[in-house]
Amino acid sequence: MRYFLLFLVLLNLGVAAEQRPMNVLIIQTDEHNFRTLGCYRDLMPATQAFIWGKGVKVDTPSIDWIAKNGAICDRYYATSPVCTPSRAALISGLYPQNAGAITNNTPLKDSVVTFAEVLKRRGYATGYAGKWHLEGPAKPGWKPAKNFGFTDNRFMFNRGHWKKLELGPEGPRVGARKNGKPSYSLDGADEKTFTTDFLADRTIDFIRSNREKPFCFMVAIPDPHGPNTVRAPYDTMFDPAPFRQPASALAKGEGLSSFQKVMQSRFNARQMALYFGMVKCIDDNVGQILDELRKLDILERTLIVFTSDHGDMCGELGRHNKGIPCEGSARIPFMIHAPGLIKPGTVIHQALGTVDFKPTLLGLLGVKFSEPCEGRDASGILRSGKAPEGWKDVTFVRIGGDKVAGKGWFGAFTGNHKLILSPTDPPGFFDLAKDPNELRNAFAAPEHREEIRRLAGELEAYGKLRKEPLMGSAAVRADLDWALNGTKPYKSPPRPHRTAQVSRGTQLRG
């Protein structure tokens, strides 16, 4: 009888473990060019994988492990390729214009219900460490008053790309200072105080403290966003000598808009070597987090996401930073490890966006929610590796339009094509299969007429349904009408004067 009772206890323990909700860990970087990751280079021809020189690369085995043992999304886009609106879309499942955070330094609406809030209501221990950028202008802004479901937000700071963090007598603080104010200086940062290391340690602390319960934790690392500085030994790990300016920066381009045309800028090989160093430091810390999950024997019960808020042009088209519809800026890393839910080695080619994250995550976990959501649940694609019947391979990317309809752009992106409309510039259409560097605007090309018409229809439907503010532009309306119904050669309508600030994107620094 005693052995029978012991058998029942063990059986019940096994059933309880099997029914226990899966943990969630989200690792988000900032301004991260997808080509720096080995798992993305493996999906591309050498001309695209090694744009900074033949064989010039940073090895990222830990991040690659997530892709190899789960799914990698080949065409994942920042719904708005600048910090605040992209983050808003990711955590809310709403387009930035409807989440309240349409541009940098604008706060999220109080009414927004994030995926963390949904999981907290389901009994998850929730937490967040790192850059938040959804609380308005506060900088650094530790532990924002409204945590949006991330209960433990002691190590959340609102803004800044600080390089040194430390624990002070009153809690976390920026460790480098100048004239009494927080500074971006390295100031002797080491493996405990360099921000990437500091945040990885806080992640491990949270995991250890909550290993006996389901948890949802998000760590937002502010690198590899500039300033391009990193602690030793990563600061000298990559020799600048082999780095070369991307070939697209030396091309002329054809019919490109002001925010896509090739710019004349000096390529800084040393800056790229430091950027690679930041990526390598991130990968090493991801490895430490994975090792801790293995040590605690919960790796196979933890759904892990690695992504970024947006990309960085890193010299492509002679440009740097983000805020434009080009691949280096808008296309971001996204990979997910979900044991028992996603088959290892899955590659997803459908176009997805950060606005799809919340419904997809909760869909994978089997968690229902009733709050408004504008993103799509792509959990079925991740589970099966293919799109269900009726799925439309298109995602919408946008920027600007916060106060007037005269600034910004928005577009429909698929796995191979982009249609982009703007109040300030003629429309653009790009065939990524034939023109991966996006150097030829093929909007007027007859061979693309049907695809342009299809994507214009998608844009019109999106604009009406999601209250896209740029739809209020007369120039955008005229371009959309021609794309849908035009039979005569395209003629650009009158447009408002374009300021240098908007065309260069300098206002988009996060």
If you line up the Cα atoms of region 168-248 on their principal axes, what length do they span on each, largest first, in Å? 50, 36, 23
In degrees, nearest 10, the alpha-carbon axis of helix 269-295 is tilted away from the dominant principal axis of the alpha carbons of the chain by 30
Antiparallel content of DSSP bridges confined to the chain, in %, to 5: 50
So which trypsin sites (Lys or Arg not before Pro) in region 462-494 pass both tests, a DSSP loop state and at most 16 other Cβ atoms within 10 Å of the Cβ? Lys467, Lys491
Answer in debye to the nearest 20: the dipole magnitude of region 395-508 about its Cα centre, from +1 Lys/Arg and -1 Asp/Glu charges placed on Cβ, is 360
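Please report the relative contact order for region 21-384, taking Cα pairs under 8 Å with a sequence separation of at least 6, and give it as a percent rounded to a whole number.
Averaging sequence separation for qualifying contacts and normalising by length gives 30 percent for region 21-384.
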Square roots of five times the C-alpha gyration tensor eigenvalues of the chain, ordered largest first and given in whole Å, equal 37, 27, 22
Give me the distance between the Cα centres of region 95-121 and region 164-205, rounded to whole Å. 27
Shape of region 395-508, Cα gyration tensor, a/c cut at 1.5: rounded
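Beyond 25 Å between alpha-carbons counts as too far, so tell me which of Lys131/Lys295; Lys392/Lys464; Lys164/Lys358; Lys68/Lys295 fall in that bin.
In this structure, Lys131/Lys295; Lys164/Lys358 exceed 25 Å between Cα atoms.
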Report the gain in length on full extension from Asp481 to Ser370: 0.36 nm times residue separation, minus Cα-Cα distance, nm rounded to one decimal. 36.4 nm
Which ³J(HN,Hα) values, rounded to whole Hz and listed in residue order, are derived for region 206-221 from phi using the Karplus coefficients 6.51, -1.76 and 1.60 in 6.51 cos²θ - 1.76 cosθ + 1.60 with θ = phi - 60°, glycine and proline given as x? 5, 4, 4, 5, 10, 5, 8, 9, x, 10, 10, 10, 10, 10, 10, 7
To the nearest 500 deg cm²/dmol, what mean residue ellipticity at 222 nm is calculated for the chain from DSSP H runs of n ≥ 4 alone, each contributing -39,500 (n - 2.57), summed and divided by the residues? -8500 deg cm²/dmol
Amide H to amide H, which residues 5 or more places from His417 or on other chains are under 5 Å from it, using H placed in the peptide plane? Leu432
Hey, how many Å between the Cα centroid of region 263-327 and the Cα centroid of region 396-451? 26
With the radius of gyration and the Kirkwood radius both derived from the Cα set of region 181-304, what is their ratio Rg to Rh? 1.11
Fully extended, how many nm does the chain gain between Ala445 and Glu389 (0.36 nm per residue separation, minus their Cα-Cα distance)? 17.1 nm
So what's the Cα pair-distance distribution over region 298-398, bin width 10 Å, in %? 13, 41, 32, 13, 1
Nearest-ten-degree value, helix 474-485 long axis tilted from longest Cα axis of the chain: 90
Other-chain or far-sequence residues with amide H under 5 Å of Cys314's (modelled H): Asn321
Cβ-derived FRET efficiency at R0 51 Å, Asp190 paired with Lys491, nearest 0.05: 0.25
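Read the figures in this text as sums done on the coordinates, not as results from a lab. Computed from a prediction, not measured in an experiment: that's the story for all the values here. Don't worry about glycine lacking a Cβ; one is built from the backbone with ideal geometry, like all the others, and counts go over all protein chains shown.
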